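Trainee: Let me give you the structure first, and then I'll get to my questions.
The values are calculated or read from the model by the stated rules, or taken from the named source; none is laboratory data. The structure presented is a predicted model; accordingly, all values stated were derived computationally and were not measured. Quick reminder, even Gly has a Cβ in these numbers, built from the backbone with ideal geometry, and neighbours come from all protein chains shown.
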Amino acid sequence: MTDRELYFDGATPVYLDADLVATSATLSVVKPDGTQLEAPTVTLPTASTTVAAGSTPLALVLASVTGVAVGEPLQVVSDGVTYTVIPARIESSTKTLTLVNGLPTTPDTGSTVKATRLTASVAAPGVAQIGGGFRLAWTYSDGTTTKREGLPASVVRWEWQAPVAAADVQELLVLEFGQTRSDEAATRIADRVNGKMRLAIERTGRRPWLYLSSAMFEDSARAGVRYELALQGLVLSGSVYEAQRELRFAFDDALSTVIQGLASYDSDASGDLSAAEMRPLHFSIQARR
């Protein structure tokens, strides 16, 4: 799980996709020493509607789409069973949601649909707090069940910009395979690649948000996309298994090469780069073939 990056000099919106419909919730921003930095006010979800006639397992027609947003989870309760769905597309004129993943059955007409996302805004922590080891400690309840979740966070000067986006995935698909995927499928591929790259950087002891730019990782990101597509069985030629193996090594090697050669890393989080920080750091990541 990657850190949530909190701007040191400005408010940062944060959210939690709860696994129940909360009627009360609190958030505590906890410092590395275990003391509380602040306790932002949590805004509860308000979207509440019902399933209308004409729904299918892959597309829900709702009585209203007010407050419903793409990518924000909803809980659907039908015949006493609770399902979590995520809208991939919303057609306002017909009040129809296309889902990222379909349901096992069509919900009954009149089934309740409610949002679950909790939101808050973390105030500027200040320059003295820049660094990692923070925690966003959420507590929430539906009046019967109380749950707690802690998510890692860092206070940063600049947020890390993901090197690959859904549009990049679509471009590679068109250029190399002559096809496209749905926007939600391309987004999931991009998210997996970005997550793997971020973890690879963090394993070296460095922090992604201290690099001058994520643009230097773009070639590695493309290698990562090719590997993710191979895991889904999409390769240019030959054995899928062999292609997966080779593309995994290509992705690892591309990351290793760029990380070993990277300069422009603000190691003391001062906001400027010294001559030493402009020089490449030499270490290696070994991948066993």
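Trainee: Please enumerate the residues belonging to segment 23-38 that are part of a loop (DSSP other than H, G, I, E, B) and in contact (Cβ under 8 Å) with a residue 12 or more places away in the chain.
Mentor: Passing the criteria: Thr23, Lys31, Pro32.
Trainee: Name the one entry in Glu184, Glu202 that is over 23 Å from Val258 (Cβ atoms) and assigned to a helix (DSSP H, G or I).
Mentor: Answer to the selection: Glu184.
Trainee: When segment 163-210 is examined, which residues are found to be modelled with pLDDT under 90 and among the hydrophobic types (A, V, I, L, M, F, W, C)?
Mentor: Ala185, Leu199, Ala200, Ile201, Trp209, Leu210
Trainee: Something else about it: Just give me the residues in segment 2-19 being under 23 Å from Ser141 (Cβ atoms) and either surrounded by 15 or more Cβ atoms within 10 Å (Cβ to Cβ) or outside the structural domain of Thr139 (by TED's automatic domain parsing) (or both), in sequence order.
Mentor: Arg4, Val14, Tyr15, Leu16, Asp17, Ala18, Asp19
Trainee: Would you check if there is a residue in segment 230-240 being crowded, with 17+ Cβ neighbours inside 10 Å and farther than 15 Å from Pro163 by Cα? Can you show your working first?
Mentor: Here is the first cut: in segment 230-240, the residues crowded, with 17+ Cβ neighbours inside 10 Å are 230, 235.
Adding the requirement that they be farther than 15 Å from Pro163 by Cα leaves 230, 235.
Within segment 230-240, one or more residues are crowded, with 17+ Cβ neighbours inside 10 Å and farther than 15 Å from Pro163 by Cα.
Trainee: What pairs come up if the first residue lies in segment 178-204 and is within 12 Å of Glu228 (Cβ to Cβ) and hydroxyl-bearing (Ser, Thr, Tyr), the second is at pLDDT below 85 and surrounded by fewer than 20 Cβ atoms within 10 Å (Cβ to Cβ), and their beta carbons are under 6 Å apart, counting only those six or more places apart or on different chains?
Mentor: Pairs that qualify, where the first residue is within 12 Å of Glu228 (Cβ to Cβ) and hydroxyl-bearing (Ser, Thr, Tyr) and the partner is at pLDDT below 85 and surrounded by fewer than 20 Cβ atoms within 10 Å (Cβ to Cβ): there are none.
Trainee: Which of (1) touching a residue at least 60 places away in the same chain (Cβ under 8 Å); (2) closer than 15 Å to Thr112 by Cα; (3) in a loop (DSSP other than H, G, I, E, B) is the odd one out, the single condition Thr41 does not satisfy?
Mentor: (2)
The rows are residues; the columns are (1) without any contact (Cβ under 8 Å) to a residue 24 or more places away in the chain; (2) part of a loop (DSSP other than H, G, I, E, B); (3) not assigned by TED's automatic domain parsing to the domain that holds Tyr140.
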site: Val21; (1), (2), (3): no, yes, no
site: Ser55; (1), (2), (3): no, yes, yes
site: Val61; (1), (2), (3): no, no, yes
site: Glu72; (1), (2), (3): no, yes, yes
site: Val77; (1), (2), (3): no, no, yes
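Trainee: Failed condition for Pro104, given (1) under 30 Å from Ala200 (Cβ atoms); (2) assigned to a loop (DSSP other than H, G, I, E, B), with all others met?
Mentor: (1)
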